[in-house]
Amino acid sequence: MNIHETLFSIGLLIIGAKLLEGIFKRFGLNSIIAYAVAGVILGPVTGLIETGTETDIILGIGIFVFFFLIGLEELDIKGFISAIRGRLFIAATLSVIISMLVSLAVTTDYFIDLELNLNFTQALGLASVLSLSSLGLVAKVLIDEGNLKEPVGVQIFTAVIIAELIALFVFGFAISEHFYGEGHTLDPINVLTILGSILGFAIIIWFASTLILPRIIVLLHRVLQVPQLSFGLLLGGLFIVVFGAEEVGLHGSIGALLFGAALSVLPFQVRHDIMPGMKGVAEGFFIPLFFASAGLQFSLAFTELPILTIILLIFVPFIGKFVATFIGAYAARLEAPFATASGLMAKGVAEIALLILLHQTGVINESIFSLLVLVMLAYILITPVGITAAIQRIKPAQTSANPEDIPPSLYRFALEGIKVKDVLDRSRTHPNTSLTVKTFTEQWLLPEQHDYVVVDQGQLVGIVSISMLRYLPRSEWDTTTLTQTLRHNTPTATTEDYVEDALQTMIDNSITVLPVTEAETDQFIGSIASHEVLEMVVTEAQGHEI
């Protein structure tokens, strides 16, 4: 295939994929289904497009861009770490482990030999794909149903974050071992080598992405003033990270995933500035091409597989996932376990991407790939209905979720582009430093607020936290003023700051309220509270699409 034929094929794929996306959207169908169908129509059905070396290179770039966006938009490392000791971590971990063990029954030949001809690590990689949960799909359902502020919505969202991270880590381990070469065995030294490579690479990427890259970009912008400089640096950096990952024995997609996850912890303003056009280029070009390639590689050859193989590959992982999610939810004694289990059942988008990767690297053949892609497309259609039905069975919550329990990545789905001035109530009054602690507790306390901004003649003085008053004997409440209980060196936000950044400041400083100053004059004009951000999440979520 020459360059002109390659360009013709890519042009047809992009046009066909985006046109079908618009048509499918009218019927409420996921865009990934439209892209895959476009590939099937233009490839196996009409034969208009055939893949070649040049096409495969461009489609391969889509893999890295897609995994970069997964890391950037879906992976919440801080939320994962904060949930390690909680019941949600237990539930999600049990669901992944049990599901993976059941899937191994059909991906290995130890229990049921389906003649997949996979070594153990390849079988483990495929099992991790079959055990994955899709955060993007869950987030869309929760937003569409207006459940982001409800405790059950936060619970489902957090559980899926944990499950997705665990399964992706196992997949990265499995495919990395595969790329070490056939001569390596799964001995303790090799396992530790692989884990060390993943951890070391992740630490380097994290350090470079969070501490070095933003400063370099800001400096170069000031000195060079080149249009779209940050976009070029980011895209070039992504490809260098992919190369580095391959050099240390990881697959490039895992490097792209880690790079995206590292950049996800940056403030919204920084991410907004260093990524102009990234999402547009990805969603308008690379991602449609990438998922259309699933259609190009699709084949009806799976119909020639033994009936027993088809049945077991479809239903054993499904039953295992179904049982595992309910065991995890009920064993951890979660509230609304049925709804959480239904959320953990969500699958489809990331799984198709991983299947394409396994197929392109020769781990699974065309027949197995085509069968499992069909299964994942069915998940995309069915699981949102199941999640919605499970949530609707629950009685409406009387209270909103505790802001401290909400993972930061949830806000990114609903608060992008919202500024502090959009939620600021300038008419709010604040307690004065002259008040005694007793008067303050009698007249100012609100059930949903734990911290209060304190002023003196309209000027910001500090914050008083209810948690700190417990250390003050009640006998002294009559004589102690708020001045003596203040938390000084108070962080602030300006009216032009993004709400997501203000919320992150609250989380970093363990407070639930943040003073606001005028961007131009630095004059104190009011405050915002975390529960107000929750209300903004609900308001913005009604019309937001993922």
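Structure summary
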| item | result |
| --- | --- |
| Region 275-303: number of residues that are at pLDDT below 80 and open to solvent by 10 Å² or more (accessible area, probe 1.4 Å) | 7 |
| Lone unmet requirement of (1) open to solvent by 10 Å² or more (accessible area, probe 1.4 Å); (2) in a helix (DSSP H, G or I); (3) farther than 20 Å from Leu20 by Cα for Gly320 | (1) |
| Tally, over region 369-379, of residues that are among the β-branched types (Val, Ile, Thr) and open to solvent by less than 10 Å² (accessible area, probe 1.4 Å) | 1 |
| Condition met for Ser527 (assigned to a helix (DSSP H, G or I) and touching a His at 6+ places or on another chain (Cβ under 8 Å)) | no |
| Subset of region 17-41 [touching a Gly at 6+ places or on another chain (Cβ under 8 Å) and open to solvent by 20 Å² or more (accessible area, probe 1.4 Å)] | Lys18, Asn30, Val37, Val40, Ile41 |
| Pick from region 304-313, criterion more than 18 Å from Leu101 (Cβ to Cβ) and assigned to a helix (DSSP H, G or I), ranking: most open to solvent (accessible area, probe 1.4 Å) | Glu304 |
| Tabulated pairs, region 470-489, first surrounded by 13 or more Cβ atoms within 10 Å (Cβ to Cβ), second among the charged types (D, E, K, R) and at pLDDT 85 or above, C-beta under 6 angstrom, 6+ apart or interchain | Trp477/Lys438 |
| Residue within region 402-419 that is more than 30 Å from Val316 (Cβ to Cβ), of a type in the set (Lys, Arg), modelled with pLDDT under 85 and in contact with a strand residue (DSSP E or B) (Cβ under 9 Å, 6 or more places away or on another chain) present | yes |
| All positions within region 337-366 that are in contact with a Ser or Thr (Cβ under 7 Å, 6 or more places away or on another chain), at pLDDT 90 or above and open to solvent by 10 Å² or more (accessible area, probe 1.4 Å) | Met345, Glu366 |
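The values are calculated or read from the model by the stated rules, or taken from the named source; none is laboratory data. Everything quoted here is computed from the prediction, not taken from an experiment. Because the Cβ atoms are built from the backbone with ideal geometry, glycine has one as well, and the counts that use them run over all protein chains shown. Ligands, DNA and RNA are stripped out before the accessible areas are found, and what is left, the full protein with its side chains, is counted by its heavy atoms. Shrake-Rupley method; radii C 1.70, N 1.55, O 1.52, S 1.80 Å.
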